[in-house]
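The values are calculated or read from the model by the stated rules, or taken from the named source; none is laboratory data. The model shown is predicted, which means the values in this text are computed figures rather than measured ones. Methodologically, a virtual Cβ is constructed for each residue, glycine included, from the backbone with ideal geometry; neighbour enumeration extends over all protein chains shown. For accessibility, only protein heavy atoms count, side chains too; no ligands or nucleic acids. Shrake-Rupley method; radii C 1.70, N 1.55, O 1.52, S 1.80 Å.
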Amino acid sequence: NGTLSGFAIYSENGEFVPPPPPEPGVPGEPGIASAENTGADCPVPELPVASELPNIDKLPDPFMTLEGERITTEEQWRCQRQDTFWQVQYYEAGNKPNKPEVVSGSVAADAINVNVTHEETDIAFSASVALPTGGEPPYPAIIGMGASNLDNAYLSSQGVAVINFNHNEVGAQSGAESRGTGLFYDLYGSDHSASSMTAWAWGVSRLIDVLEESSEGLIDASRLGVTGCSRNGKGALMAGAMDERIALTIPQESGAGGAVSWRAAQAQADAGDNIQTLGHAAGEQPWFRESFGETFSGSRVTHLPFDHHQLIGMVAPRGLLVIDNDIDWLGPKAAYIGTLAAKEIYRALGAPENIAYSENGGHGHCQFPGHQQEVLAAYVQRFLLGEPGNTEVMNSTKAEPGEAEAWIDWTTPSLTE
Ligand code: MCU
């Protein structure tokens with residue numbers, strides 16, 4: 001079933017590369033920023049090569065450890081989440097480097113400038129800022145992968161700034177041949193294992209480093225969201241999963257590589273639906289590490305040891321709103337399945353109301369419809385403004401009752417403190 005090339009956790013000869021140094025931090029409350037990665041001090045697992053991975057037909061059990069035991073405590077979840085993070089990096093997304101030696105920059109009313117140095121190479125990028133009409137500084141903010149396709153007038157009126165991160169400059173997505181190009185690869189080398197999405201997530205983390213250290217008092221780094229639509233929605237989810245300082249993650253119409261369950265998408269494609277699959281998405285853009293498509297496409301998808309409910313679950317218990325559309329290619333049913341299963345991770349952590357799926361159809365691709373305004377407002381209120389809101393929403397026009405549940409053959413523990 002193929003082998004993995006381009007090892008990142010292991011060196012060329014298969015030797016284990018020592019784990020990165022731990023970063024300080026403790027798990028945060030929902031909506032409260034903590035460290036970029038609270039599991040950084042967990043032991044680095046030895047992951048099997050792809051040819052040794054067992055077949056898992058339904059959605060993998062997110063509570064089952066690599067040693068084959070089910071976790072029972074929240075503290076165990078911390079390293080279970082980290083093991084999932086390693087799996088995501090090793091099999092799908094490539095390595096997200098830790099914070100480099102030097103990250104500096106500035107925050108102004110119209111732009112955030114970021115300067116990064118790693119092993120004597122420097123890169124710089126900037127993100128434009130639109131300060132809100134309402135509210136008062138320091139403002140909460142939503143970082144858009146490229147842009148925010150949400151109701152930006154509403155965000156502005158609520159005192160939420162919008163930061164437009166030019167992610168394509170950091171990691172290109174202009175066809176499969178653009179792999180390894182962009183500022184990230186100028187810094188780490190064009191053969192770095194990181195996919196473009198991982199490069200974007202790394203870029204968002206560096207933006208947050210600058211926001212955290214800024215003394216300008218314009219943007220509140222403890223109240224940040226990330227969003228993006230379609231391909232950039234995939235990236236928004238990846239960023240939210242890979243940095244625990246992000247209080248609110250809103251992938252919009254993210255499709256395959258986003259909220260969609262890889263397995264459910266493949267099953268639908270096999271049944272004749274016009275839906276993007278792992279193999280197709282991996283061939284379209286450098287969104288995943290190079291080995292991913294050849295290793296896990298088609299029927300091999302059931303050997304992937306995780307699925308995207310676990311990527312979504314890496315965001316738990318922080319705020320997560322999956323907003324979707326009824327376009328077949330986006331796989332709205334498979335995204336509902338992914339989100340519903342991820343909600344079990346939130347439930348285990350005692351926060352099932354912190355995740356929602358909203359799809360009512362009836363609008364153009366990446367056009368934010370009026371009927372999603374209410375759930376957007378609830379998420380912005382709870383996770384960026386610190387106000388109450390009804391965030392418990394699971395709306396799908398595509399999934400038949402019980403259909404998503406049939407993909408889950410494990411039970412949800414109540415993780416104790
Ligand atoms: C859902 O995002 C993608 C989709 O994965 C691609 O197959 C298609 O080419 O483009 C979509 C998109 O980004 O539209 C703007």
Could you grab me the full set of residues in the stretch 210-230 that are within 16 Å of the ligand (Cβ to nearest atom) and within 12 Å of the chain's Cα centre (by Cα)?
Thr227, Gly228
Output the number of residues of the stretch 170-194 satisfying the condition of being closer than 23 Å to Val102 by Cα, among the hydroxyl-bearing types (Ser, Thr, Tyr) and open to solvent by less than 50 Å² (accessible area, probe 1.4 Å).
3
Name the one entry in Gly171, Gly135, Gly146 that is touching a residue at least 24 places away in the same chain (Cβ under 8 Å), under 20 Å from Gln372 (Cβ atoms) and not aromatic (Phe, Trp, Tyr).
Gly146
Give the residues of the stretch 86-96 that are of a type in the set (Phe, Trp, Tyr) and open to solvent by less than 10 Å² (accessible area, probe 1.4 Å), sorted by residue number.
Tyr90, Tyr91
Could you count how many residues in the stretch 141-169 are open to solvent by 20 Å² or more (accessible area, probe 1.4 Å) and part of a helix (DSSP H, G or I)?
7
Which listed residue, of Ala241, Ala236, is among the aliphatic types (A, V, I, L, M) and over 14 Å from Gly144 (Cβ atoms):
Ala241
Residue list for the stretch 399-412, filter: over 23 Å from the mean Cα position of the chain (by Cα) and not hydrophobic (A, V, I, L, M, F, W, C):
Glu400, Pro401, Gly402, Glu403, Asp409, Thr411
So which residues in the stretch 57-87 are touching a helix residue (DSSP H, G or I) at 6+ places or on another chain (Cβ under 6 Å) and touching a residue at least 40 places away in the same chain (Cβ under 8 Å), if there are any at all?
Asp57, Lys58, Leu59, Pro62, Ile71, Thr84
How many residues does the stretch 306-333 hold that are surrounded by fewer than 24 Cβ atoms within 10 Å (Cβ to Cβ) and out of contact with any Gly (no Cβ under 9 Å at 6 or more places or on another chain)?
2
Log entry, pairs with first residue in the stretch 379-396 being touching a residue at least 12 places away in the same chain (Cβ under 8 Å) and closer than 15 Å to Thr249 by Cα, second being among the basic types (Lys, Arg) and open to solvent by 50 Å² or more (accessible area, probe 1.4 Å), beta carbons closer than 6 Å, six or more apart or on different chains, reads Leu384/Arg223; Thr391/Arg382
Being within 19 Å of Gln89 (Cα to Cα), within 7 Å of the ligand (Cβ to nearest atom) and either assigned to a strand (DSSP E or B) or out of contact with any Cys (no Cβ under 8 Å at 6 or more places or on another chain) (or both) narrows Ala239, Ala256 down to just Ala256
Which residue out of Phe383, Phe368 is within 20 Å of Ile312 (Cβ to Cβ) and either in a loop (DSSP other than H, G, I, E, B) or touching a Lys or Arg at 6+ places or on another chain (Cβ under 8 Å) (or both)?
Phe383
Yes/no for Leu218 being in contact with a strand residue (DSSP E or B) (Cβ under 7 Å, 6 or more places away or on another chain) and open to solvent by 10 Å² or more (accessible area, probe 1.4 Å):
yes
Would you tally the residues in the stretch 326-338 being in a helix (DSSP H, G or I), among the β-branched types (Val, Ile, Thr) and within 15 Å of the ligand (Cβ to nearest atom)?
0
Within the stretch 392-415, the residues that are more than 24 Å from Ile327 (Cα to Cα) and in contact with a helix residue (DSSP H, G or I) (Cβ under 7 Å, 6 or more places away or on another chain) are Ile408, Thr412, Pro413, Ser414, Leu415
Taking first residues from the stretch 261-279 that are within 15 Å of Gly293 (Cβ to Cβ) and second residues anywhere that are open to solvent by less than 20 Å² (accessible area, probe 1.4 Å) and of a type in the set (Asp, Glu), the pairs with Cβ under 6 Å that are 6 or more apart or on different chains are Trp262/Asp307
Please specify each residue of the stretch 259-274 satisfying the condition of being surrounded by fewer than 24 Cβ atoms within 10 Å (Cβ to Cβ), of a type outside the set (S, T, N, Q) and not in a loop (DSSP other than H, G, I, E, B).
Ala267, Ala269, Asp270
Within 16 Å of the ligand (Cβ to nearest atom), closer than 21 Å to Ser254 by Cβ, of a type in the set (A, V, I, L, M, F, W, C) and in contact with a strand residue (DSSP E or B) (Cβ under 6 Å, 6 or more places away or on another chain): is that true of Ile323 in this structure?
yes
Log entry, pairs with first residue in the stretch 96-123 being more than 15 Å from Ser215 (Cβ to Cβ) and part of a strand (DSSP E or B), second being open to solvent by 50 Å² or more (accessible area, probe 1.4 Å) and of a type in the set (A, V, I, L, M, F, W, C), beta carbons closer than 8 Å, six or more apart or on different chains, reads Val114/Ala124; Asn115/Val102; Asn115/Ala124; Val116/Val102; Val116/Ala124; Thr117/Val102; His118/Val102
Output the number of the condition that Ser299 fails; it satisfies all remaining conditions of (1) open to solvent by 10 Å² or more (accessible area, probe 1.4 Å); (2) of a type in the set (Ser, Thr, Tyr); (3) within 16 Å of the ligand (Cβ to nearest atom); (4) touching a helix residue (DSSP H, G or I) at 6+ places or on another chain (Cβ under 8 Å).
(3)
